[in-house]
Amino acid sequence: MKTLFSLLIGKESVNISELSSLLKVSLPTVNSMINKLTKQGHVNYEKYKPISLTEKGKKLAASIVRKHRLTEIFLVTKMGFQWDEVHEIAEQIEHINSQAFFERMDELLEYPSVDPHGSPIPDKEGNIVTKISRRLNECKKGEFVRLIELSNDSSDLLKFLNSKELILGVVIEIKSIEPFDQSMLVGYINHPSETLSQIVCERLFVEAFNP
């Protein structure tokens with residue numbers, strides 16, 4: 001449900017292949033999962049047509065996402081965990097059913113708007129505010145941009161970003177783009193020259209920055 005909710009932010013529907021690719025599971029497996037969610041009243045789906053969440057499904061998915069992202073930011077800001085250490089712990093804590101528990105967590109955090117990876121946190125009503133952004137690989141040579149969100153919070157990506165000292169809020173200068181593989185030569189604080197692959201650039205969301 002969390003994955004489907006994340007895919008649907010900013011759009012009305014997604015297709016089975018998108019979901020299969022993101023979850024890294026086969027199409028028959030995704031079909032089986034979607035059919036189950038449809039029977040439960042969480043998803044609107046007809047064969048060969050896009051998938052969308054019902055109002056019931058949106059509320060449930062937003063609640064799960066909210067609990068997960070609040071937990072992640074709590075673990076980082078209050079307990080000293082690193083951003084690549086919190087996902088699995090949050091996966092367990094998000095199943096706690098006490099609304100008061102997460103409301104207290106939200107209060108202690110002073111009502112954060114994003115998690116440690118820059119992803120927006122839904123409010124108690126399930127509303128979500130997104131920033132205007134684009135993927136780093138969509139930017140052009142000579143642009144300055146600020147890193148604000150990751151499209152993927154996999155441990156491997158986070159550890160790679162740690163090794164490059166690439167953190168949220170850092171301003172990146174795009175120095176050149178390799179025509180052959182679309183890798184980028186970039187510069188940022190304490191790193192005047194770093195090469196990022198297209199795969200990495202596709203996973204970094206940035207906003208315009210005027211130096």
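The values are calculated or read from the model by the stated rules, or taken from the named source; none is laboratory data. Not measured: the values here are computed from a predicted model. With ideal geometry, Cβ positions are generated from the backbone for all residues, glycine too; neighbour counts draw on all protein chains shown.
Of the residues Leu185, Leu166, Leu158, Leu150, only one is touching a Gly at 6+ places or on another chain (Cβ under 7 Å) and surrounded by 15 or more Cβ atoms within 10 Å (Cβ to Cβ); which?
Values: Leu185 fails: touching a Gly at 6+ places or on another chain (Cβ under 7 Å); Leu166 fails: touching a Gly at 6+ places or on another chain (Cβ under 7 Å); Leu158 fails: touching a Gly at 6+ places or on another chain (Cβ under 7 Å).
It is Leu150.
Taking the stated definitions as given, is Ser113 among the polar types (S, T, N, Q), closer than 24 Å to Phe209 by Cα and either touching a Cys at 6+ places or on another chain (Cβ under 9 Å) or outside the structural domain of Leu158 (by TED's automatic domain parsing) (or both)? Give the steps one after another, and end with the answer.
Working: among the polar types (S, T, N, Q): yes; closer than 24 Å to Phe209 by Cα: yes; either touching a Cys at 6+ places or on another chain (Cβ under 9 Å) or outside the structural domain of Leu158 (by TED's automatic domain parsing) (or both): yes.
Spelling it out, Ser113 is indeed among the polar types (S, T, N, Q), closer than 24 Å to Phe209 by Cα and either touching a Cys at 6+ places or on another chain (Cβ under 9 Å) or outside the structural domain of Leu158 (by TED's automatic domain parsing) (or both).
Within the group Leu27, Leu53, Leu70, which residue is modelled with pLDDT under 90, under 19 Å from the mean Cα position of the chain (by Cα) and on the phi < 0 side of the Ramachandran plot? Spell out the reasoning first.
On the way: Leu27 fails: under 19 Å from the mean Cα position of the chain (by Cα); Leu70 fails: modelled with pLDDT under 90.
Testing whether each residue is modelled with pLDDT under 90, under 19 Å from the mean Cα position of the chain (by Cα) and on the phi < 0 side of the Ramachandran plot leaves just Leu53.
Can you pull out every residue in segment 27-79 that is under 19 Å from Val14 (Cα atoms) and β-branched (Val, Ile, Thr)?
Listed by number, the residues that qualify are Thr29, Val30, Ile34, Thr38, Val43, Ile51, Thr54, Val65.
Wholly within segment 10-93, which helices (runs of 4 or more DSSP H) include no fewer than the required count, namely at least 3 residues that are over 20 Å from Ile121 (Cβ atoms) and among the β-branched types (Val, Ile, Thr)? Spell out the reasoning first.
On the way: elements: 16-23, 27-39, 55-77, 87-93.
Filter on segment 10-93 gives 27-39.
Exactly one of these conditions fails for Phe81: (1) touching a helix residue (DSSP H, G or I) at 6+ places or on another chain (Cβ under 8 Å); (2) over 20 Å from Ser155 (Cβ atoms). Give me its number.
Unmet condition: (2).
Consider Glu94 carefully, then state whether it is at pLDDT 90 or above, in contact with a Ser or Thr (Cβ under 8 Å, 6 or more places away or on another chain), on the phi < 0 side of the Ramachandran plot and not β-branched (Val, Ile, Thr). Step through it out loud before you land on a result.
Numbers: at pLDDT 90 or above: yes; in contact with a Ser or Thr (Cβ under 8 Å, 6 or more places away or on another chain): yes; on the phi < 0 side of the Ramachandran plot: yes; not β-branched (Val, Ile, Thr): yes.
Spelling it out, Glu94 is indeed at pLDDT 90 or above, in contact with a Ser or Thr (Cβ under 8 Å, 6 or more places away or on another chain), on the phi < 0 side of the Ramachandran plot and not β-branched (Val, Ile, Thr).
Take Val65 and decide whether it is within 30 Å of Leu108 (Cβ to Cβ) and under 17 Å from the mean Cα position of the chain (by Cα).
On the way: within 30 Å of Leu108 (Cβ to Cβ): yes; under 17 Å from the mean Cα position of the chain (by Cα): yes.
The answer is yes for Val65.
Restricting the search to segment 60-87, which residues are more than 19 Å from Phe5 (Cβ to Cβ) and not aliphatic (A, V, I, L, M)?
Correct list: Phe74, Thr77, Lys78, Gly80, Phe81, Gln82, Trp83, Asp84, Glu85.
Say whether the condition of being buried (at least 17 other Cβ atoms within 10 Å of the Cβ), among the hydrophobic types (A, V, I, L, M, F, W, C) and touching a Pro at 6+ places or on another chain (Cβ under 8 Å) is met by at least one residue in segment 43-61.
No, every residue in segment 43-61 fails to be buried (at least 17 other Cβ atoms within 10 Å of the Cβ), among the hydrophobic types (A, V, I, L, M, F, W, C) and touching a Pro at 6+ places or on another chain (Cβ under 8 Å).
Which one of these is among the aliphatic types (A, V, I, L, M), surrounded by 14 or more Cβ atoms within 10 Å (Cβ to Cβ), at pLDDT 90 or above and within 19 Å of the chain's Cα centre (by Cα): Leu19, Leu4, Leu75? Before you say what the answer is, go through the steps one by one.
On the way: Leu19 fails: at pLDDT 90 or above; Leu4 fails: at pLDDT 90 or above.
From the options Leu19, Leu4, Leu75, the qualifying one is Leu75.
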